[in-house]
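Q: Pasting a structure below so you can have a look.
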Amino acid sequence: MIFFDLDGTLIDSNGVWLQVDQEFAARRGLELTEEYSQTVGHSIFPIAARYTKEYFRLDEEPEAIMEEWQELARDAYAHTIPLKPGARELLEALRAQGQRMALLTAGLPVLAKIAVERHGLGQYFEGLFFAQDTGLEKRNPEVYRIAARQFGVCPADCVLIEDAPHNCAAARDAGLKVVGVYDDFYASRWEDVAGNSHRAVRSLLELLG
């Protein structure tokens with residue numbers, strides 16, 4: 001079973017989330033920090049929203065914060081976010097080989113589904129696995145064990161294709177084979193991505209052939 005991350009791996013969306021954070025902060029006169037960005041990056045929405053409320057000492061409830069994030073990002077997911085180079089070619093090639101594939105994302109399910117439908121990605125996957133449904137972040141190895149069980153496979157028989165260094169490390173700890181993929185959002189941590197992966201590529205195009 002090959003698990004694909006979505007944001008930053010199959011679709012070029014991490015820049016959108018930086019814009020969302022910037023707009024959210026600007027509306028409140030807040031200043032983003034590297035600590036904040038690294039903590040909420042690729043967290044599941046409920047945990048990121050609770051952290052945001054506590055970090056900035058906001059009066060809004062986490063549910064309201066998540067609704068605003070969704071509103072700010074929806075148009076981009078529905079209309080402008082492109083696939084990463086090589087994404088469709090790789091999915092086509094793996095399907096032709098008869099490989100089992102599924103999506104494994106920490107993203108908000110409604111937005112992930114919008115992107116999957118817009119790009120016609122559902123045809124390649126046996127299912128969509130949302131970390132949010134487990135209540136755990138993707139940096140927790142248990143997420144990958146749960147995903148493997150859901151699809152009836154052993155972690156050792158699974159591959160994760162992922163751009164976030166902490167998620168690469170967690171999946172490796174869970175026993176999966178990990179392919180780390182470069183994304184500009186984690187450019188400063190590329191060595192961590194490579195170090196936490198069995199193979200690291202600058203582009204999905206490198207995995208073709």
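Q: List the pairs whose first member sits in the stretch 73-91 and is without any contact (Cβ under 8 Å) to a residue 24 or more places away in the chain and surrounded by 22 or more Cβ atoms within 10 Å (Cβ to Cβ), whose second member is in a helix (DSSP H, G or I) and acidic (Asp, Glu), and whose Cβ atoms are under 8 Å apart, counting only residues at least 6 apart or on separate chains?
A: none
Q: Name every residue in the stretch 137-164 that is closer than 21 Å to residue 11 by Cα, surrounded by fewer than 22 Cβ atoms within 10 Å (Cβ to Cβ) and at pLDDT 95 or above, in order of residue number.
A: Matches in the stretch 137-164: 159 only.
Q: Please state which of the following conditions residue 186 fails to meet, knowing it meets all the rest: (1) farther than 22 Å from residue 127 by Cβ; (2) modelled with pLDDT of 95 or more; (3) of a type outside the set (Val, Ile, Thr); (4) in contact with an Asp or Glu (Cβ under 9 Å, 6 or more places away or on another chain).
A: Only one criterion is unmet by residue 186, namely (2).
Q: Here's another thing I want to ask about it. All but one of (1) part of a loop (DSSP other than H, G, I, E, B); (2) within 27 Å of residue 168 (Cα to Cα); (3) open to solvent by 80 Å² or more (accessible area, probe 1.4 Å) hold for residue 43; state the number of the condition that does not hold.
A: Every listed condition holds for residue 43 apart from (3).
Q: Still on this structure, please answer the following. Is there any pair with a first residue in the stretch 96-123 that is of a type in the set (Lys, Arg) and a second that is in a helix (DSSP H, G or I) whose Cβ atoms are under 7 Å apart and which are 6 or more apart or on different chains, and what are they?
A: From the stretch 96-123, the pairs are 118/78.
Q: Same structure, new question: Any residue at all in the stretch 167-186 that's open to solvent by 40 Å² or more (accessible area, probe 1.4 Å) and closer than 13 Å to residue 1 by Cα? Can you show your working first?
A: Taking the stretch 167-186 and keeping what is open to solvent by 40 Å² or more (accessible area, probe 1.4 Å), we get 172-173, 177, 182, 184-185.
Restricting the remaining residues to those that are closer than 13 Å to residue 1 by Cα gives 177.
Yes, the stretch 167-186 contains a residue that is open to solvent by 40 Å² or more (accessible area, probe 1.4 Å) and closer than 13 Å to residue 1 by Cα.
Q: For the subset of the stretch 95-118 comprising residues that are touching a strand residue (DSSP E or B) at 6+ places or on another chain (Cβ under 6 Å) and more than 20 Å from residue 40 (Cα to Cα), which member is surrounded by the most Cβ atoms within 10 Å (Cβ to Cβ)?
A: Looking at residues that are touching a strand residue (DSSP E or B) at 6+ places or on another chain (Cβ under 6 Å) and more than 20 Å from residue 40 (Cα to Cα), I get 103.
Q: Hey, another quick one. May I ask you to list pairs of residues, at least six apart or on different chains, whose Cβ atoms are under 8 Å apart, with the first in the stretch 159-183 being among the hydroxyl-bearing types (Ser, Thr, Tyr) and the second being surrounded by 21 or more Cβ atoms within 10 Å (Cβ to Cβ)?
A: Every condition considered, the pairs that remain are 182/163; 182/193.
Q: Hey, another quick one. Is one or more of the residues making up the stretch 67-85 under 22 Å from residue 166 (Cβ atoms), basic (Lys, Arg) and not in a helix (DSSP H, G or I)?
A: yes
Q: How do the pairs read when you match residues in the stretch 185-209 that are more than 26 Å from residue 19 (Cβ to Cβ) with residues anywhere that are open to solvent by 50 Å² or more (accessible area, probe 1.4 Å) and not in a loop (DSSP other than H, G, I, E, B), using Cβ under 7 Å and keeping only pairs 6 or more apart or on different chains?
A: Correct list of pairs: 196/172; 198/177; 208/89.
Q: Could we say that residue 171 is under 18 Å from residue 105 (Cα atoms) and in contact with a helix residue (DSSP H, G or I) (Cβ under 8 Å, 6 or more places away or on another chain) here?
A: Answer is yes for this residue.
Q: Give the residues of the stretch 20-35 that are among the charged types (D, E, K, R), surrounded by 10 or more Cβ atoms within 10 Å (Cβ to Cβ) and either on the phi > 0 side of the Ramachandran plot or part of a helix (DSSP H, G or I) (or both), sorted by residue number.
A: 21, 23
The values are calculated or read from the model by the stated rules, or taken from the named source; none is laboratory data. Worth saying up front: this structure is predicted, and the values here are computed from it rather than measured. Using ideal geometry, Cβ is built from the backbone for each residue, glycine included, and neighbour counts are taken over all protein chains shown. Protein only, heavy atoms only, side chains kept; ligands, DNA and RNA dropped before computing areas. Shrake-Rupley method; radii C 1.70, N 1.55, O 1.52, S 1.80 Å.
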